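A short write-up of the structure that comes next.
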Amino acid sequence: MRLRAQGDSGQAFPIYVTVVGGLLFLALAYFAVGQAAAIRSEAQTAADAAALAAALETRDRLADQWTTHVLEPDAWQDIFEGDAPVPGGCWRAHELAARNDASVECAPDGLLAYTVVAETNDTVGDTIVPGTEDRKATQTATAVIEARCRFEPLPENADDEVLPSLSCKGGEDWDLKPDDLSDLPKPEDLFDVHLADS
């Protein structure tokens with residue numbers, strides 16, 4: 001009886017080694033997947049932040065244009081539609097991507113949006129999955145600028161001392177007076193910036 005018990009335990013040892021080896025392999029595989037997911041998440045964060053930075057820069061420049069032309073209501077609609085001479089915001093996307101240890105390709109997507117493709121500077125690194133050591137993650141994001149306000153154009157014979165009222169989202173109205181421009185809407189009052197739904 002004792003000899004048979006020893007023989008059985010000897011046969012179980014290779015099975016034990018196989019099971020432990022398999023579990024170790026699975027743990028390393030999950031680790032590799034986790035590394036790849038973390039790098040991909042870094043790339044998405046960099047893309048989102050860069051796209052938003054570019055859009056926010058353009059929003060601020062559009063708001064500056066509106067403030068400059070606040071006494072010229074005929075120019076308002078072009079500004080709210082993004083059809084105004086403002087510098088592009090992609091330089092902000094590149095600046096922010098560098099802070100997130102990534103590089104980006106940025107381009108306007110119409111008048112009021114930016115699309116950014118971000119690539120991480122870091123690689124997945126050495127894993128049990130061959131070919132991953134030099135792989136970088138690439139993700140895309142689009143940020144959209146939307147006018148929050150609308151207005152009724154003045155009739156052609158309107159008095160020069162009158163400006164249109166702005167009706168903005170959230171129920172906020174601005175009754176503007178040419179002789180008192182001390183309290184004008186801020187960029188965030190005039191435009192909303194958000195990531196496009198993917």
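The values are calculated or read from the model by the stated rules, or taken from the named source; none is laboratory data. These figures come from a predicted structure and were not determined experimentally. Reconstructed Cβ throughout: ideal geometry from the backbone, glycine too, with neighbour counts over all protein chains shown.
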Quiz item: What tally of residues in segment 178-195 results from selecting those that are out of contact with any strand residue (DSSP E or B) (no Cβ under 9 Å at 6 or more places or on another chain) and loosely packed, with under 12 Cβ neighbours inside 10 Å?
Solution: 4
Practice problem: Output the number of residues of segment 70-82 satisfying the condition of being surrounded by 15 or more Cβ atoms within 10 Å (Cβ to Cβ), within 30 Å of the chain's Cα centre (by Cα) and either outside any helix (DSSP H, G or I) or of a type in the set (Phe, Trp, Tyr) (or both). | Solution: 3
Practice problem: Report, by residue number, each residue of segment 49-62 that is of a type in the set (A, V, I, L, M, F, W, C) and either over 20 Å from Trp174 (Cβ atoms) or not in a helix (DSSP H, G or I) (or both). | Solution: Ala49, Ala50, Ala51, Leu52, Ala53, Ala54, Ala55, Leu56
Exercise. Could you identify the single residue in Gln65, Gln44, Gln35 that is farther than 30 Å from Leu181 by Cα, polar (S, T, N, Q), modelled with pLDDT of 90 or more and in a helix (DSSP H, G or I)?
Key: Gln44
Quiz item: Which residue, of Leu71, Leu96, is within 22 Å of Asp183 (Cα to Cα) and modelled with pLDDT under 95?
Solution: Leu71
Quiz prompt | Pick from segment 83-106, criterion in contact (Cβ under 8 Å) with a residue 24 or more places away in the chain and over 19 Å from the mean Cα position of the chain (by Cα), ranking: farthest from Lys136 (Cα to Cα) | solution = Asp83
Quiz item: Within the group Thr67, Thr120, Thr115, which residue is in contact with a Lys or Arg (Cβ under 9 Å, 6 or more places away or on another chain) and among the hydroxyl-bearing types (Ser, Thr, Tyr)?
Solution: Thr120
